[in-house]
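S.K.: Below is a structure I'd like to ask you about.
Any read-out appearing in this document is the output of simple, stated calculations on the displayed coordinates, not a laboratory observation. Everything numeric in this text was worked out from a predicted model, so none of it was measured. FYI the Cβ positions are ideal-geometry reconstructions off the backbone, even for glycines, and counts take in every protein chain you see.
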Amino acid sequence: MPHTLVILGASGDLTSRKLIPALYSLHKKGQLPKETRVVGVSRTPFTSEAWRDQLAATTEKFAGQDFDTAAWQAFAERITYHPGDIDQPTSFEQLVQVLDDLEHGASATRVYYLSTSPSLYATAVANLGAAGLADESKGIRRIVIEKPFGTDLKSAKELNRAVHQVFAEQQVYRIDHYLGKETVQNLLVLRFANSIFEPLWNRRYIDHVQITVAEEVDVGRRAGYYDHSGVLRDMFQNHLLQLMMITAMEAPARYSADFIRDEKVKVLRAVKPLTGGDFARDTVRGQYAGYLEAEGVPAGSQTATFAALKLRIDNWRWQGVPFYLRSGKAMSCRTSQIVIQYREPPIMMFGDGPRSHLDANKLVIQIQPAEGIQLHLQTKVPDAGMKLRSTDLDFRFAREFTGTMPDSYQRLLLDAMNGDASLFARHDEVEVAWSIIDPILAAWQSPAAPPLETYPVGDWGPACSDEWMRSQGREWFDVCPVLH
Ligand code: BG6
C-alpha cells in the first residue's frame, strides 16, 4: 500500500532538523515503505524544487555523515511541496486535489503530521475534517500531533475533543520523542525480556528511583516559548512522566499499543496527588543565573528552568518508594539517566562498622548520550583484607553494536506509517499527566511555592536541591557520562 506523509507546517524548524533527516535516513537504509511520498504544506510560497534544494542543505547539516548525494537525490524525488494556509479551508480543498493527483486516485495510507504552531492544531484538524481528508473510505488516515499537547488539563481536554470530532482515537498518534529513543524501548526489554530483574523491581528491594534529564544547553533563542512554558510543561508533563511510566508499569500481557498504554496510564493514576504543604516539601525549583538576561525573557520572570519532584506511586509494587524526577537547562552536562537505588543489605558483616547506604547497589540506566546500563556492586579489593569497593558491570551500546543510534523520529515516523501506536501517548495518558502537573503549576504561582533559587550555569541545579535530597538521607547520582 502506498504511503503519503503530509507535513503541515513544513517550513518550520522541526521539519528540516528532524523529520526530513529521519525520513532520508530511513530511505537510505531501505526501511521506508516503498512508494512513500512526502508532501510539505505551509504558507511560504516555495516551488517543490526550491523546497528540495533547501532541504538538501539542511539534511546534509543534520544527517551528518549519513548524507550521500546520490541517496538524497533518489529520496528527494519523493518530495513535493504545496503552499497552503492552515487557517484557510480552501487550502485544504486544494490539498485534496494535490493528494488525489499524486496518488493517481488509488488507495493509499495517509499520515498527516502536525508540525505547525500548537495554537493551530485545532484549526488544522477541523479543516482536514471539513475537506474530507480524515475519511477512510479510500485508505487509512492517521494524524500525528507534536508536543505540546495542550498547556494544561483544560486545554488538553479541549484539544482531545476537537481531534475526536474528526479522527477516531486509533487514528491519532501523539508524539513524545523520548519514546522513540532506543534506550527507552530497551528499558522495556530490560524489564520484560529478562527474568532476573522482575523479582527485585519493587518496594521490598528498592529504596527509591531517580530520573534525571539534565541539559547542558540553556534556552537559547527559544525564550519566547520557554518563558510561558517553563521546565514542568516543557519536560515533566511529557518526557519525565513517560520515563517514570515505563520504569514503574506492570508487565503488559503483550506488545500491543493498548496493552502497553493501559499499564502506563495505571501508573499515573496511582500517583498520589500533592496537596497543601506537599508543594513546598516535595518540589524544588530553580532558575539558572543569566536566564533573565536572555532575549525575550520579561524582567523579573519567575519561570523555573530547573525542577525536582518527589512523587509517590500508591500501589502494591511501589508504596513507600519515592520517585525523584529532576530536569533542568544549563546544567553540568547532558545526561538522561534512571537510577534504581537498591536498599542496603539487612546486615553488613564486612568491615568494622555500618557502611554508608550510598554504597548499596544501583542500577543505572543511561538513556543518553552514553547509552548503556551499569550495575554497581560491592567487590572485594584484592590483597586488602575484607576491604570493599564499589565497582560496576558496564554494558554500552557503542561497544556491543556497530553503527550510530538512530534518531527517535525514525522509529516514530515508521511506526506511525505502519500503524503501531505503542510508542505514542493515548488521550487519557496525556490528560492524567496534566492532572499531575497542573496543581504544581498552580501552587508555584501561590504562597505555597518553594523558593525559586538561582543556580550557576554548569551546575546540577540549585544548592537547595542537594540539601533537599540530603535531608531525606539520599543523594543525587550526579555523574556525567563518560563517552568512549
Ligand atoms: C524538547 C524540549 O521536547 O526536548 C526541549 O522542548 C528539550 O526544551 C528537548 O531541549 C530535549 O530533547 P533531547 O532528545 O535532546 O533530550
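S.K.: Could you pull out the GluC sites (Glu not before Pro) across region 45-120 that fall in loop regions by DSSP (anything but H, G, I, E, B) with no more than 12 other Cβ atoms inside 10 Å?
M.R.: E77
S.K.: If you take the square roots of the eigenvalues of the alpha-carbon gyration tensor of region 1-116 and sort them as a ≥ b ≥ c, do you get rounded (a/c under 1.5), prolate (a/b over b/c) or oblate?
M.R.: Here region 1-116 falls in the oblate category.
S.K.: Let me ask something else. Which FRET efficiency value, to the nearest 0.05, is calculated for E293 and D85 with the Förster distance at 56 angstrom and r the Cβ-Cβ distance?
M.R.: With a Förster radius of 56 Å, E is 0.95.
S.K.: Cα centroids of region 50-97 and region 282-296: how far apart, whole angstrom?
M.R.: 37 Å
S.K.: State, to one decimal in nm², a quarter of the convex hull surface area for the C-alpha atoms of region 327-470, i.e. the direction-averaged projected area. Don't skip to the answer; put the middle values down first.
M.R.: On the way: hull surface 58.3 nm².
Result: 14.6 nm².
S.K.: Which listed residue (A280, S446, A253) has the Cα farthest towards the positive end of the charge dipole for the chain, taking +1 on Lys and Arg C-beta and -1 on Asp and Glu C-beta about the Cα centre?
M.R.: A253
S.K.: Let me ask something additional. So if we plug the beta-carbon distance of D135 and M348 into 1/(1 + (r/R0)^6) with R0 = 56 Å, what FRET efficiency do we get, rounded to 0.05?
M.R.: That pair, D135 with M348, gives E of 0.25.
S.K.: Among L120, L133, P456, whose Cα lies farthest out toward the positive end of the dipole of the chain, if unit charges sit on the beta carbon of Lys, Arg (+1) and Asp, Glu (-1)?
M.R.: P456
S.K.: Pairs K181/K272; K181/K362; K272/K380; K34/K154; K329/K362: which are spaced more than 32 Å apart, C-alpha to C-alpha?
M.R.: Too far apart for the 32 Å limit: K272/K380; K34/K154.
S.K.: Then there's this: Sort the chain into rounded, prolate or oblate with this rule: let a ≥ b ≥ c be the square roots of the eigenvalues of the Cα gyration tensor; rounded if a/c is under 1.5, and if a/c is not under 1.5, prolate when a/b is larger than b/c, oblate otherwise. Numbers along the way, then the final one.
M.R.: On the way: a/c = 1.89, a/b = 1.63, b/c = 1.16.
Prolate, because a/c is 1.5 or more and a/b exceeds b/c.
S.K.: Through the Karplus equation 6.51 cos²θ - 1.76 cosθ + 1.60, θ set to phi - 60°, convert the phi angles of region 409-418 into ³J(HN,Hα) values in whole Hz; use x for Gly and Pro.
M.R.: With coefficients 6.51, -1.76 and 1.60, one gets 5, 4, 5, 5, 5, 5, 4, 5, 5, 8 Hz.
S.K.: Here's something else I'd like to know. Only loop residues by DSSP count here, and only those with at most 13 other Cβ atoms within 10 Å; note down the trypsin sites (Lys or Arg not before Pro) in region 197-303 that meet that.
M.R.: Listed in order of number, the matching sites are R204, R254.
S.K.: Additional query: With the crude spin-label approximation of a point 7 Å out along Cα→Cβ, what separation in nm comes out for D420 versus E467?
M.R.: Those two pseudo-labels are separated by 4.9 nm.
S.K.: Would you work out the charge dipole size for region 126-173 about its Cα centre, treating the Cβ of every Lys and Arg as +1 and the Cβ of every Asp and Glu as -1, and quote it to the nearest 20 debye?
M.R.: Result for region 126-173 is approximately 20 debye, rounded to the nearest 20.
S.K.: What do you get for chymotrypsin sites (Phe, Trp or Tyr not before Pro) in region 295-384 restricted to DSSP loop and a cutoff of at most 14 other Cβ within 10 Å of the site's Cβ?
M.R.: W316, F350
S.K.: Give, rounded to the nearest 20 debye, the magnitude of the charge dipole that the chain has about its Cα centre when Lys and Arg contribute +1 at Cβ and Asp and Glu contribute -1 at Cβ.
M.R.: 1000 debye
S.K.: Given the rule -39500 (n - 2.57) for each run of at least 4 DSSP H residues, summed and divided by the residues of the chain, what is its mean residue ellipticity at 222 nm, to the nearest 500 deg cm²/dmol?
M.R.: -9500 deg cm²/dmol
S.K.: Just want the ordering: F401, F259, from fewest to most Cβ atoms lying within 10 Å of their own Cβ.
M.R.: F401, F259
S.K.: Calculate, for W316 and D53, the FRET efficiency according to 1/(1 + (r/R0)^6) with r their C-beta to C-beta distance and R0 51 Å; round to the nearest 0.05.
M.R.: According to the calculation, E is roughly 0.30.
S.K.: How many nm is it between the label spots at S446 and M1, if each spot is 7 Å from the Cα in line with the beta carbon?
M.R.: With each label placed 7 Å out from Cα toward Cβ, I get 4.9 nm.
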